[in-house]
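The values are calculated or read from the model by the stated rules, or taken from the named source; none is laboratory data. The model shown is predicted, which means the values in this text are computed figures rather than measured ones. Note that each Cβ is placed from the backbone with ideal geometry, even for glycine, and that neighbours are counted across all protein chains shown. The area values use the complete protein model at the heavy-atom level, side chains included, leaving out ligands, DNA and RNA. Shrake-Rupley method; radii C 1.70, N 1.55, O 1.52, S 1.80 Å.
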Amino acid sequence: MNQAGVNEKYKVSPFYVFFLLHSMQTGLGVLNFQRDLAKATGTDGWISILLAGLIVHIFIWLIYKIFSIVPGDIISANNHAWGKWVGNFFSFLFILYFFALGMTIIIGYINVIHVWMFEEIPSWAFALVFLILIYYIITGGFRTITGIAFLTVFVSYWLLFVPLYGFKYADFTSFLPIFDHSLSEIMKGTKSTSLSMLGFEMMLMYYPFIKNAETTQKYAHGGNLATTLLLLLLYFVSTVFYSQKQLVLTLWPTLSLTSVIELPFIQRFEYITVSWWAIVIIPNMVIPLWAASRGIKRLFNVQQKYPLWVIFVIILLVNIFFFDVESLFILNKLINPYSVSFLVLYLPLLLVVLSIRKRRNHL
């Protein structure tokens, strides 16, 4: 099988899977996941993070198992499992999800800029700048997208010194007591962490663009492990820096933490963090919108630039007519439970159906 018809010259080396997966998981959720986690599990949030990381590892294994049966992307797998029409229906649901995720990330980051820096500038102006940049990157091809993901991981890790600065004001007794919450509370915390761990499912579309993709599973698990360790570090620093009551009330714990940094030549260090986060968040915007437009190209056999134009016009119109904090809240509420439940239920079902079909064909 030709892996969704991808020419060898457009493919990327196996180890880039680490950066594609890790850069996609490290986005908006990193700035505020601690708040929801503290509400659900308090000082035991670290258990929820470990559980969420473990669940994502299982789903990465599931994805590789699916593609070991049907090499290609999610559209190939759906068509093989359900036939053309039902398969295309499920593929269209994935395309809608990729589009909604990309739009949520763009609107969410613009909201951060509004709250922390430029309240007066209209959201559509920021959206237009980001959309032009995203279009330029996507039309450069998947190798360009991979290069951006690789670069953003490298240029953003200096930001780790920011939470470590918080240890200067840490009260380590705030991390106690541990094992103080019920299993249902821990699981609720795991669900609230899931938005920060999302991104691994983009592999369902870019799998055919990886050379020797079946050998890259270790890099995918490595990327997810890096994200899990990063979230653990941020949650630990936040727990010992804030009291539990403060953490529950702080809207952007990671950003608020950076505001305590004082340097002789910079008065408001959080401005640096918010601005630099634009670099961190670019793969989060680019990869889902690339996946959505690539999916439409595969389904309807059109050039990828046409669905991309339609997607961008919709996002721009949403920013002009509907942008406010309430719409962002609704989007987040929609996409988090939908994405988690849809992936949790659908991917195992798809694997079971493909396995049965494979067994029947061998009989």
Practice item. Grab the helices (runs of 4 or more DSSP H) fully contained in the range 96-169, keeping just those with 3 or more residues being surrounded by 21 or more Cβ atoms within 10 Å (Cβ to Cβ). Key: 123-139, 142-156
**Study point:** Looking only at the range 6-38, and only at residues there that are among the hydroxyl-bearing types (Ser, Thr, Tyr), part of a helix (DSSP H, G or I) and open to solvent by 10 Å² or more (accessible area, probe 1.4 Å), the one that is modelled with the highest pLDDT
**Key:** Tyr16
Review point. Tally time: how many residues in the range 130-150 are more than 21 Å from Lys11 (Cβ to Cβ) and among the β-branched types (Val, Ile, Thr)?
Key: 2
Check your understanding: Of the residues that make up the range 174-194, is at least one closer than 18 Å to Met285 by Cα, in contact (Cβ under 8 Å) with a residue 40 or more places away in the chain and not in a helix (DSSP H, G or I)?
Key -> no
Check your understanding: From the residues in the range 270-296 that are surrounded by fewer than 17 Cβ atoms within 10 Å (Cβ to Cβ) and not aliphatic (A, V, I, L, M), which one is farthest from the chain's Cα centre (by Cα)?
Key -> Tyr271
Check your understanding: For Glu214, which of the numbered conditions (1) under 28 Å from Ser341 (Cα atoms); (2) open to solvent by less than 60 Å² (accessible area, probe 1.4 Å); (3) out of contact with any Pro (no Cβ under 7 Å at 6 or more places or on another chain) fails to hold?
Key -> (2)
Practice item. State which residue pairs qualify: first residue within 19 Å of Tyr207 (Cβ to Cβ) and open to solvent by 10 Å² or more (accessible area, probe 1.4 Å) and inside the range 69-91, second residue of a type in the set (Asp, Glu) and assigned to a helix (DSSP H, G or I) in any location, beta carbons under 9 Å apart, and separation of 6 or more residues or different chains. Key: Pro71/Glu214
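Would you check if Thr193 is surrounded by 12 or more Cβ atoms within 10 Å (Cβ to Cβ) and out of contact with any Gly (no Cβ under 7 Å at 6 or more places or on another chain)? Steps first, please.
Working: surrounded by 12 or more Cβ atoms within 10 Å (Cβ to Cβ): yes; out of contact with any Gly (no Cβ under 7 Å at 6 or more places or on another chain): yes.
Against the criterion (surrounded by 12 or more Cβ atoms within 10 Å (Cβ to Cβ) and out of contact with any Gly (no Cβ under 7 Å at 6 or more places or on another chain)), Thr193 qualifies.
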